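Notes for the one structure printed next.
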């Protein structure tokens, strides 16, 4: 008689299920690398652009490319001040007890964003050593950008209507590299 574990199912069923999962994972890896080798050899380029079934593969590659590009931008491109110091001044005013919006100001003028902005940037204020560690804030915005990208790619993958690569090419044509680097380099977030 087979051994029974605490949950009541026998161990041979559990072992079979584990082996099946390992085989499926190995098969998936094999298919991924087989497809990747065909792409490297010049096959399937058209399918990458137009076949929505390949969106998961394309999204995986594009997310890693974006992570690499954001890392390079943050570490190699000079930081340009836009509104970070103003946001930190406004947060300081808020943290010091000023809740009247007409009295919350920074170098570039009065606050124009709703209270949620103050709460989010208050968190960043403390996470960045009172707004001094700009690099840490840049990484925060890069993570936010990548998370947004993953959500958008998941929507494309779930709908199976548009290839992720094709949608990305359209997005790149509408957004310059400078605009993309603003998201992580200059601490400006736009979820478009």
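Since every read-out is calculated from the coordinates, none of them should be taken as a lab result. Keep in mind the model is a prediction, meaning the values are calculated, not measured. Every residue, glycine among them, receives a Cβ derived from its backbone with ideal geometry; neighbour counts consider all protein chains shown.
Extension gain, residue 80-residue 56: 0.36 nm per intervening residue step, less the Cα-Cα distance, totals 5.2 nm. Once the Cβ-Cβ distance of residue 100 and residue 144 is raised to the sixth power relative to R0 = 35 Å, the FRET efficiency obtained is 0.75.
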